[in-house]
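The values are calculated or read from the model by the stated rules, or taken from the named source; none is laboratory data. Keep in mind that this is a model prediction, so the values were computed, not measured. In this analysis, Cβ positions are derived from the backbone assuming ideal geometry, glycine residues included, and neighbour counts consider all displayed protein chains. Protein only, heavy atoms only, side chains kept; ligands, DNA and RNA dropped before computing areas. Shrake-Rupley method; radii C 1.70, N 1.55, O 1.52, S 1.80 Å.
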Amino acid sequence: YTILSKVHSDRNVYPSAGVLFVHVLEREYFKGEFPPYPKPGELSNDPITFNTNLMGYPDRPGWLRYIQRTPYSDGVLYGSPTVENVGKPTIIEITAYNRRTFETARHNLIINIMSAEDFPLPYQAEFFIRNMNVEEMLASEVLGDFLGAVKNVWQPERLNAINITSALDRGGRVPLPINDMKEGVYVMVGADVPFSSCLREVENPQNQLRCSQEMEPVITCDKKFRTQFHIDWCKISLVDNTKQVSTFQEVIRGEGILPDGGEYKPPSDTLKSRDYYSDFLITLAVPSAIALVLFLILAYIMCCRREGVEKRNMQTPDIQLVHHSAIQKSTKELRDMSKNREIAWPLSTLPVFHPVTGEIVPPLHTDSYDNTSMPLMQTQQNLPHQTQIPQQQSAGQY
């Protein structure tokens, strides 16, 4: 991989198609472009972040990825160029942001993708390493150790790293922040010789059964990786491009396939006039006429077919009419009488003696009052054997 220089001029790199490309953006080279701390001699440790995009576009090319774990770590551009990008210079704008002073510095990275005659290699194997993050795997010494372990197991003449992908980009979940758990990384390597017997052990029925039961398969060469790399052998992928047959098949026309109708011919710009009178009759006139007829029929039934009071009286017997009339007259008389009557208070609610003199109070009812109605309580004048209460004498008699 290459290191970005401090100068503002464009930087040219020449990766090969089908080979892993790694470019490190080191913070140390950008610190000199930002103002130092106020105190002389104090070490500058400003948080710096990077933004990378294709010139004239808001994002990077599809094959190029970027990662920076924290503002105090270096940024890394990595990816595997494709054959379609050969001969097309790709200009990446790199903008560094100083999070303390909010100043920026910009550089251009020109990626000139070169073609390789012996790439891509026909035999490709993808390993899933569980105890690594993508930025740790992109380090040259770690990637070199992994390729050395693969070379000891595979024994190829040419071996290259093709691509590195984080497990999060494959739908993996973010690990819990306990026990220093890693997110995992997929590493694809290619070689020019067939796969070794050790790598083929994953395809054994016994190991396939153990993988289906979520158990570790038995791999003889696992100890060569276990010291530094924990490989999930159930997720290893072996691709032999020499045995892959083209999936293109000639289309056999038959039932269910439309015949070739030639080129599409759009309608002409000039459209003929259309008469909408018949559409008007069907849509509005006919429903309106039906609604009018139904309205007239309903009006005739409700207004013109009523029997009336006279016909009802003619069909009713005379004696029933007389009874009905008598009941109505009696009801009217009772209602009139109930409105005009005056009811006096019962004598039980009136005082019998005067509260001061003690004299007997005569009844409030006049002689014309109906005596047939018996009061709830008789007065003292009507009581037999009534005892006369002596009147109070004056003080001179004593």
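Count Lys and Arg as plus one, Asp and Glu as minus one, and take only other residues whose Cβ is under 11 Å from that of P61; the net charge is then +1. Taking each of K182/K235; K223/K243; K88/K243; K182/K223 in turn, the alpha-carbon distance tops 28 angstrom for K223/K243; K88/K243. At full extension, E216 and Y276 could sit 13.9 nm farther apart than now, given 0.36 nm per residue minus the alpha carbon distance.
Residues whose amide H lies under 5 Å from that of I91, counting only those 5 or more places away or on a different chain, are M55, I111; hydrogens are built 1.01 Å from N in the peptide plane. Sorting Y78, Y276 on solvent-accessible area from highest to lowest, probe radius 1.4 Å, gives Y276, Y78. Counting Lys and Arg as +1 and Asp and Glu as -1 over every other residue whose Cβ lies under 12 Å from the Cβ of E183, the net charge comes to +1. Computed over the Cα atoms of segment 121-238, the ratio of the radius of gyration to the Kirkwood radius (Rg/Rh) comes to 0.95. Lys and Arg at +1, Asp and Glu at -1: add these up for the other residues within a Cβ distance under 15 Å of N207 and post the number. Net charge around N207: -3.
Near the amide H of M132, within less than 5 Å, lie the amide hydrogens of G184, V185, all on another chain or at least 5 residues away, with H placed in the peptide plane. The magnitude of the dipole of segment 121-238, with charges of +1 and -1 set on the Cβ of Lys/Arg and Asp/Glu and taken from the Cα centre, is near 200 debye.
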